[in-house]
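Below: the structure, in C-alpha cells.
The values are calculated or read from the model by the stated rules, or taken from the named source; none is laboratory data. Computed from a predicted model, the values in this text were never measured in an experiment. Positions of Cβ are backbone-derived with ideal geometry, glycine not excepted, and every protein chain shown enters the neighbour counts.
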Amino acid sequence: MLLGLSFGLAAAGASHADPTNVFTTQFEAAEGYQTNQDLVGQNGWTSDGTGGSGILAGFIPGYGQQAYIGFTPPTSGESQVFYWKPINFDPVGTGLPVVTFSAVMSVVDSTSAHQQYDAFDWAVFNQSGHQLFTLDFDNLTTNINYQLDGATSPLVDTGRSFTPNVAYQLIVTMDFANNRWSAWLDDANLVNNQPMTTTSATLDLGDVDAVWYIANTNAPGDNFLLFDNYQITANVAAPVEAQVEFLGRTTENWALVRVYGPDGSRWAVDASTDLISWTALKTNVISGTSFDLVDTAAPGFANRFYRARQIP
C-alpha cells in the first residue's frame, strides 16, 4: 500500500496454518442453486421475514450466479428481514478460535421511479440467537456503520462509505478466544479490534446473516444486496498483525503515523527510503487499539516507508 509521501507499510507476525473451511458457496447451478427459486429453501438457507430473495446470473461480471436479498417488498410489512445459512460452530471448543467471513458484495440502487433507499447489513449471531455485532451499509447516505450487541446499541460511523452498484470484497475476522473483531472492504479498514460482545454473551458462531432494513415499510425500495463467494473459515490462531495508517502532515511537514494492533502488544516502528535498509523510530505498547508516531525527519526524504514489527 502506498499513501501520501510514497508512504508504505509492512507488518511482521507469526505464521499460521492453512485455514479450515467451515462453509463456502458460490451459489452456482452445480451446487444446486436455481435462478427460478427464492434463496430461502435452497441448500438450507432460511429467513426471518417475507422479503424478496433469490439467485441471479451475471449481475457481477465474471462471478457466475449470485444470491440477492431485497427488491420485492415483504408481504407482511416487516421493517427488517434476516437471511442466513445455519453454521452452529464452536470456534474455541474445536481449537479453531479465529474465524474469517468473506463475501463479494454489491448494494444495487433503487430505480429512478422508486426512490426509497434502505440499508443492508451483515449481522453475526451466536448459537443462542444473540446478535454479537453488525456492519451496516446505509443506501440513503452510503455511509458504513457498525453496531455492537444488537439493535439496542447505537450505530457507529466507520468514517468510510461505499458506492452503489460497485462490487467489493468484504472480509471480517473474528477472534472468539479474545473477543475481538475487525473488518475490511477491499483495502479499507472499516473496524479495528472491537469487542465481539460487550454484554458477556456466549462467544460461538451461529450464523452470519444478510439483513434488509427497510426505511419506510409503506414504500420499501427496490434496491437489493447482491452477494457471492460467501465463505467462513477457521484457524488455530490469529496472525499477529499491525495496521499502519498515514494520517497526513503537520504544519511543519512532519509525518503523522498511527499503528493499530491488539491491546497490550508491543511494536517497533521503522522507516526506510528503499524498503531495504530500515531505521528504528519508536517502540511502544498499544493501549486500547492504537498509538501514534510523529516522524520529524520525514521532510528530509523524497520517499519514506514505514513498517511495524512486533517485539517481546
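Does Ala201 satisfy the condition of being outside any loop (DSSP other than H, G, I, E, B), out of contact with any Ser or Thr (no Cβ under 7 Å at 6 or more places or on another chain) and not assigned by TED's automatic domain parsing to the domain that holds Ser265?
In short, no.
Screening the candidates Asn178, Asn139 for the property of being under 19 Å from Asp263 (Cα atoms) and more than 16 Å from the chain's Cα centre (by Cα) yields one hit, Asn178.
If you go through the range 275-298, how many residues are under 15 Å from Ser265 (Cβ atoms) and in contact with a strand residue (DSSP E or B) (Cβ under 8 Å, 6 or more places away or on another chain)? So the answer is 8.
Looking only at the range 179-203, which residues are surrounded by fewer than 19 Cβ atoms within 10 Å (Cβ to Cβ), more than 18 Å from Pro154 (Cα to Cα), touching a residue at least 24 places away in the same chain (Cβ under 8 Å) and of a type outside the set (A, V, I, L, M)? Result: Asn179, Asp187, Asn189, Thr202. For Val172, the conditions (1) in a strand (DSSP E or B); (2) surrounded by fewer than 20 Cβ atoms within 10 Å (Cβ to Cβ) are fulfilled apart from (2).
Considering the conditions (1) assigned to a loop (DSSP other than H, G, I, E, B); (2) within 30 Å of Tyr63 (Cβ to Cβ); (3) under 18 Å from the mean Cα position of the chain (by Cα), Asn229 is excluded by exactly one of them, (1).
Look at Asn165 and say whether it is outside any strand (DSSP E or B) and surrounded by fewer than 14 Cβ atoms within 10 Å (Cβ to Cβ). For Asn165, the condition - outside any strand (DSSP E or B) and surrounded by fewer than 14 Cβ atoms within 10 Å (Cβ to Cβ) - is met. For Leu56, the conditions (1) in contact with a strand residue (DSSP E or B) (Cβ under 9 Å, 6 or more places away or on another chain); (2) farther than 30 Å from Asp204 by Cα; (3) crowded, with 20+ Cβ neighbours inside 10 Å all hold with the exception of (3). In the range 274-282, the count of residues that are among the β-branched types (Val, Ile, Thr) and surrounded by 12 or more Cβ atoms within 10 Å (Cβ to Cβ) is zero. In this structure, is Thr24 touching a residue at least 12 places away in the same chain (Cβ under 8 Å) and closer than 22 Å to Thr100 by Cα? Here the answer is yes, as Thr24 does meet what is asked.
The condition of being farther than 28 Å from Gly41 by Cβ, surrounded by 15 or more Cβ atoms within 10 Å (Cβ to Cβ) and charged (D, E, K, R) does not hold for Asp109.
Collect the residues in the range 68-101 that are over 19 Å from Met196 (Cα atoms) and either of a type in the set (A, V, I, L, M) or in contact with a helix residue (DSSP H, G or I) (Cβ under 7 Å, 6 or more places away or on another chain) (or both), keeping them in residue-number order. Correct list: Ile69, Val81.
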